[in-house]
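Below is one structure, written out as structure tokens; comments come after it.
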Amino acid sequence: MPHDPALHLMFKSHPWHGVAIGPEAPRRVTVFIEIVPADTVKYELDKDTGLLKVDRPQLYSNVCPSPYGFVPRTLCGPEVARLSEERTGRRELVGDDDPLDILVLTEKDFAHGDLLVQAVPIGGLGMLDGNEVDDKIVAVMAKDAVYGGVDDIGRLPNLLIDRLKHYFLTYKQAPEDRQLACELLRVYGRDEAFEVIRRSQADYAARFAPALGALVAKG
């Protein structure tokens, strides 16, 4: 992404395309937070404008367990889907075509989203929504007093991991639904989370680098 300091004086950076993932990625990444546990509506990024929009009211009792958002300049595309196929033996999977989701564990209470956080990935949940890979990276907020020293998801209490699983398996489910809307394929540790992030960066570059190159050439 071309960087012109003058543009930042006039325009807010697009959280997906205009924010750097960070020089230490995938070991430490910048995260754009969309929703926090206190939110009673589901906010998500409007991809065209870069603004947060209301996706839907939270209809049921599910509460997002920690600040949640995405990793800038990533895309859950063919490479991420291929990794899921390799790890699970499933076939004909596709990425969900969104930036890579990430949940950030912290002892602190966040009053709102629409902010950037530095986070350290420690693992992830390999999720499917239909045939779409919708992985959730699990991270800890950098320098957090409680979670900052955790370096792998396997070091979290089992009850906390179960809460994360339960939320992502049920947050789209209506009371009358008999089948889960989403499927959990696996829980993976830090090293695989790093690989998912790398592949999501590759998917992003494959999708958007040609367009960005054309913009640079025009400018």
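Couple of notes before you dig in:
- Projected label distance in nm at Arg90 and Thr40, using a 7 Å step from Cα toward the beta-carbon: 3.5
- Protection-proxy order for peptides 15-23, 83-91, each taking the mean of Cβ atoms within 10 Å per residue, highest first: 15-23, 83-91
- Point-charge dipole on Cβ atoms (K/R +1, D/E -1) for the range 19-213, about Cα centre, debye to 20: 340
- Report note on the peptides 193-203, 92-102, 47-57: ranked by the mean count of other C-beta atoms within 10 Å, highest first, their order is 193-203, 92-102, 47-57.
- Estimated inter-spin distance, His166 and Val54, nm [label 7 Å along Cα→Cβ]: 2.9
- Look at the alpha carbon pairs under 8 Å that are at least 6 residues apart: their mean separation over the length of the chain gives a relative contact order of 21 percent.
- Distance between the modelled labels on Asp109 and Asp129, one decimal in nanometres: 2.9 nm (7 Å Cα→Cβ projection).
- With contacts taken as Cα pairs under 8 Å at a separation of at least 6 residues, the range 96-184 carries a relative contact order of 29 percent.
- Residues with amide H under 5 Å from that of Val133, placed H, sequence gap 5 or more: Val94, Gly95, Asp96
- Gain upon complete extension [Ala205, Ala145; 0.36 nm per residue less C-alpha separation]: 18.1 nm
- Ranked by the mean number of other Cβ atoms within 10 Å per residue, highest first, peptides 182-188, 137-143, 35-41 order as 137-143, 182-188, 35-41.
- Its residue count N sets the reference 2.2 N^0.38 Å, and the alpha-carbon radius of gyration of the range 70-163 equals 1.17 times that reference.
- For the residue pairs Lys108/Lys143; Lys136/Lys172; Lys42/Lys136; Lys12/Lys47; Lys108/Lys136; Lys12/Lys42, alpha carbon separations beyond 19 Å are given by Lys108/Lys136; Lys12/Lys42.
- Less than 5 angstrom separates the built amide H of Asp55 from those of Lys42, Tyr43, Glu44, all sequence-distant by 5 or more or on a different chain.
Values quoted throughout were computed directly from the atomic coordinates according to the rules given, and no laboratory measurement underlies them. Predicted model, so just to flag it, every value in this text is computed and none were measured. With ideal geometry, Cβ positions are generated from the backbone for all residues, glycine too; neighbour counts draw on all protein chains shown.
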